[in-house]
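**Student:** Sharing a structure with you now.
The values are calculated or read from the model by the stated rules, or taken from the named source; none is laboratory data. The model shown is predicted, which means the values in this text are computed figures rather than measured ones. When we count neighbours, we look across all protein chains shown, and the Cβ atoms used for this are built from the backbone with ideal geometry, even at glycine.
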Amino acid sequence: MTFRRTTCPQCRKKFTAEEKAARRLIHPECIEAYAEAEEARSERKKAKELRAQLRVERAADRKKRESLKPRAKWLAEAQAVCNKYVRVRDTIRGCGCISCGARPDAKFGGAMDAGHWRSVGSAPHLRFYLPQIALQCVKCNRFFGGNAVEMRKGLVERLGVERVEEIAAMQHVAKFDIEYLKRLKSVIGKRLRRMESRHGM
């Protein structure tokens, strides 16, 4: 059984009985418009295919670049995301510097850091442990070497003495491989974006 068109593909009007008998496929007055529409559809299809091809190529390039990226680079990127998460988290909570309580105005280069109570050098296994990282002014974090004594007091107020002592006692070896760092960066990055979106940042 052969399919017989009953409507014009351009104007969508039904064919008359005479047009059906003549096996008309399109109204004569619609031919030019139909040809232009088909050309436009073809162009859109080509553009869509090109965009898809570019996406595939960009994904392949990104995968290649990531495969060449050293562990140190992944470590730095994961740390940067964690630090930003802490700064945004504590800013939203209305916290000042955990050590001195300062709330400096924003300035070029930033006025607030994400300070580690147990430093990355002395406790590398806790470098991504968010409970021991808090908003800290540049003065306390960089010039006073983290101002650990005052930061401990701030953490005790925030977390309680038992929790702080538990963090102080944490001793284990953590080997952050590249796959772990990728996953950490992705997870914390998603949490950060949701938090910023929720609070209009």
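**Student:** Can you name the number of the only condition in (1) closer than 30 Å to Met112 by Cα; (2) out of contact with any Gly (no Cβ under 9 Å at 6 or more places or on another chain) that Cys8 fails?
**Tutor:** Unmet condition: (1).
**Student:** Right, next: Test Leu155 against the criterion of being in contact with a helix residue (DSSP H, G or I) (Cβ under 8 Å, 6 or more places away or on another chain), farther than 27 Å from Arg71 by Cα and not acidic (Asp, Glu), and give yes or no.
**Tutor:** Yes: the conditions hold for Leu155.
**Student:** Is there any pair linking a residue in region 10-32 that is on the phi > 0 side of the Ramachandran plot to one that is exposed (fewer than 13 other Cβ atoms within 10 Å of the Cβ) and at pLDDT below 80, with Cβ under 9 Å and at least six apart or on different chains, and which?
**Tutor:** Cβ pairs passing all conditions: Arg23/Arg4.
**Student:** Could you tell me how many of the residues in region 162-201 are small (Gly, Ala, Ser), more than 17 Å from Ala72 (Cα to Cα) and either surrounded by 10 or more Cβ atoms within 10 Å (Cβ to Cβ) or in contact (Cβ under 8 Å) with a residue 40 or more places away in the chain (or both)?
**Tutor:** Count: 2.
**Student:** A further question follows. Filter region 119-157 for residues that are among the aliphatic types (A, V, I, L, M) and outside any loop (DSSP other than H, G, I, E, B) and give the result.
**Tutor:** Leu126, Leu130, Ile133, Ala134, Leu135, Val138, Ala148, Val149, Met151, Leu155, Val156
**Student:** Being polar (S, T, N, Q) and buried (at least 18 other Cβ atoms within 10 Å of the Cβ) is the filter here; which residues of region 84-95 pass it?
**Tutor:** Result: no residue meets the conditions.
**Student:** Six or more apart or on different chains, Cβ under 9 Å: which pairs go from a residue in region 48-73 that's exposed (fewer than 10 other Cβ atoms within 10 Å of the Cβ) to one that's in a helix (DSSP H, G or I)? Could you list them?
**Tutor:** Pro70/Ile178
**Student:** For region 177-197, check the following and say yes or no: at least one residue is farther than 17 Å from Ala80 by Cα and in a loop (DSSP other than H, G, I, E, B).
**Tutor:** No - not one qualifying residue is present in region 177-197.
**Student:** Additional query: I need the full set of residues from region 119-147 which are among the charged types (D, E, K, R) and within 26 Å of the chain's Cα centre (by Cα), in order please.
**Tutor:** Arg127
**Student:** On to the next question. Restricting to region 143-156, name every residue that is more than 20 Å from Tyr85 (Cβ to Cβ) and either at pLDDT 95 or above or not small (Gly, Ala, Ser) (or both).
**Tutor:** Phe143, Phe144, Asn147, Val149, Glu150, Arg152, Lys153, Val156, listed by residue number.
**Student:** Assess whether Arg103 counts as being within 20 Å of Ile188 (Cα to Cα), charged (D, E, K, R) and surrounded by 10 or more Cβ atoms within 10 Å (Cβ to Cβ).
**Tutor:** Taking the combined requirement at face value, the residue does not satisfy it.
**Student:** Please list, ordered by residue number, the helices (runs of 4 or more DSSP H) wholly in region 6-103 having 2 or more residues that are hydrophobic (A, V, I, L, M, F, W, C) and under 27 Å from the mean Cα position of the chain (by Cα).
**Tutor:** 31-68, 71-92
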